[in-house]
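The values are calculated or read from the model by the stated rules, or taken from the named source; none is laboratory data. Worth saying up front: this structure is predicted, and the values here are computed from it rather than measured. Ideal geometry is used to build each Cβ from the backbone, glycine not excepted, and the neighbour counts take in all protein chains shown. Heads up: the accessible areas ignore ligands, DNA and RNA and are worked out on the full protein's heavy atoms, side chains in. Shrake-Rupley method; radii C 1.70, N 1.55, O 1.52, S 1.80 Å.
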Amino acid sequence: MHCQAVVCRFVPLAPSMPAPSVASTLLVLALGTAAYASALVRPNSGSRIAVDCNFHKATRTSIVPLVRERKITMAAQAQDDDVPATDAPPLICILAGQSNMVGRGEPEKLSDELIEAVTGKGNQDRIFLMYEIDCLGKEGTPSDSGGQFLPLGRTAQYSNAGRRHSCGPEWGIAERLLQSDVFRGGSRKDIYFIKYAAGSTNLHRDWAPGGELFSGMVALAHKGVESIAAERLQNARGPEREGCSEGATIDPPHAKLKQERTRLLRDHTVFFWLQGESDASGNAVMRSSYKENFQRFVVQVRKALVLGEGTQCESSSHRTGTGLDLPFVASELDWPVNPNSKSSVRFAKRLREINLALGDACAEFSQGISATNSVPCAFANFPTSDNDGYFALSHHPDGHCDNEGLLSLGRNMAKCFCKSFLGDDGAPAQT
């Protein structure tokens, strides 16, 4: 494996600048080629090579080490020799669903105590968000993070549909995860949220495998995790960096990058699902087929993200004893009920059908009695209340969860994940 030690950048000629002579151009190319060759021949020198040729200020060529601003360090399982040895691994959280997963939260109203707990001292540069929201445009213009991971903060997510900064359950998820033993004990470090969500969308048709939302979600997950994998290989220690100078980047082969992406998706990723209101308000077939549709969705997501990469999820966790095996956590759904409104009571009963379907689907997966075989899947249900078996979250007047409701959803999903897949039933979910 070679070290990619240099990069050349060419600044276009400004319209007002006179063109350089042929001799000047040839000299620039000769100096650049010589410097590049020198860098490759002396990979251990650690030198910083720069050639700044300015003829009539027309062309500038710089050759410098290609080093990213922030090193992402992750740990590999010690039992697997082909994984580079680095620091504590991250947890990657894929967030998918409809409007409450998009989030109608008001980040400017999040408490200073929460902001400090999640992003304050000791957590700086540890929690990131990449997102594409309102992808089908059913509730407004789509928004995204520009294909980049942004530090989680009050201004991390912007909604073009709402024309304001917004937030979803990710704050509650992050808060609860940081309280878990694996993060407090240092066996995991960074948290990466990859959110792909769209309001007013149903599982029956919009999220069906092979459709636009399904394909877009898989593409964003691959893109986000591959960027983490590239940083992981770049900052690897040991044999991966043999012969490379300090700060030089590694140019991993495509196969190696793909392998690392698959490993991260398989062993260090959890999928959070928050969807079903549109199916509840749809026709009877949407409700009656929700369990089968959800099970098919889960199986196809796993196939697209991991199993389709030519590996078996089960083999890793059995081999190392540390892999998460890409678990799914599906949240119970909640909507305010007006007992004096027949339509509201009717919708509550239909939403209950979806919740029962989600619970049954997860139970069949986890017990291995599903026709689609055993899958690590858990249902994040809430304690029941007097409201016809529902736990009433805090909502906006339009029915969507407000800040407190979204925090409750996030904390509860994270608690379910920690209890079901990390064996950690420590801090209670705050509701």
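Listed values, structure above:
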quantity	calculated
Positions within the stretch 393-417 being surrounded by fewer than 24 Cβ atoms within 10 Å (Cβ to Cβ) and in a helix (DSSP H, G or I), in sequence order	ASN403, GLU404, GLY405, SER408, CYS416
Cross-chain or 6+ apart pairs with Cβ under 7 Å, the stretch 282-297 first and within 17 Å of SER200 (Cβ to Cβ), then in a helix (DSSP H, G or I) and open to solvent by less than 20 Å² (accessible area, probe 1.4 Å)	MET286/ASP279; ARG287/ASP279; ARG287/ALA280; ARG287/ILE354; TYR290/ASP279; TYR290/ILE354; TYR290/ALA357
Search result, residues across the stretch 185-234 that are open to solvent by less than 10 Å² (accessible area, probe 1.4 Å) and charged (D, E, K, R)	ASP190, LYS195, ARG232
Close pairs from the stretch 207-224: first at pLDDT 95 or above, partner charged (D, E, K, R) and open to solvent by 60 Å² or more (accessible area, probe 1.4 Å), Cβ under 6 Å, at least 6 apart	LEU220/GLU132
Checklist (1) closer than 29 Å to ALA174 by Cβ; (2) in contact with a Lys or Arg (Cβ under 9 Å, 6 or more places away or on another chain); (3) of a type in the set (A, V, I, L, M, F, W, C); (4) at pLDDT 90 or above applied to LEU356, failing item	(1)
Test: residue in the stretch 106-119 that is touching a residue at least 40 places away in the same chain (Cβ under 8 Å), open to solvent by less than 40 Å² (accessible area, probe 1.4 Å) and under 18 Å from the mean Cα position of the chain (by Cα)	yes
Candidates GLY185, GLY172, GLY147, GLY224, filtered to the one that is within 29 Å of LYS419 (Cβ to Cβ) and in contact with a Ser or Thr (Cβ under 9 Å, 6 or more places away or on another chain)	GLY172
Tally, over the stretch 326-344, of residues that are part of a helix (DSSP H, G or I) and loosely packed, with under 14 Cβ neighbours inside 10 Å	2
Pairs, first at pLDDT 55 or above in the stretch 386-400, second polar (S, T, N, Q), C-beta under 7 Å, six or more apart	PHE391/THR384; PHE391/SER385; ALA392/SER385; LEU393/SER408; HIS400/SER99; HIS400/ASN100
Filtered residues of the stretch 165-184 (kept if open to solvent by 20 Å² or more (accessible area, probe 1.4 Å) and touching a Pro at 6+ places or on another chain (Cβ under 9 Å))	HIS165
Residue within the stretch 190-201 that is assigned to a loop (DSSP other than H, G, I, E, B), without any contact (Cβ under 8 Å) to a residue 12 or more places away in the chain and more than 17 Å from GLY276 (Cβ to Cβ) present	no
Residue match in the stretch 128-151 (condition: in contact with a Cys (Cβ under 6 Å, 6 or more places away or on another chain) and open to solvent by 20 Å² or more (accessible area, probe 1.4 Å))	yes
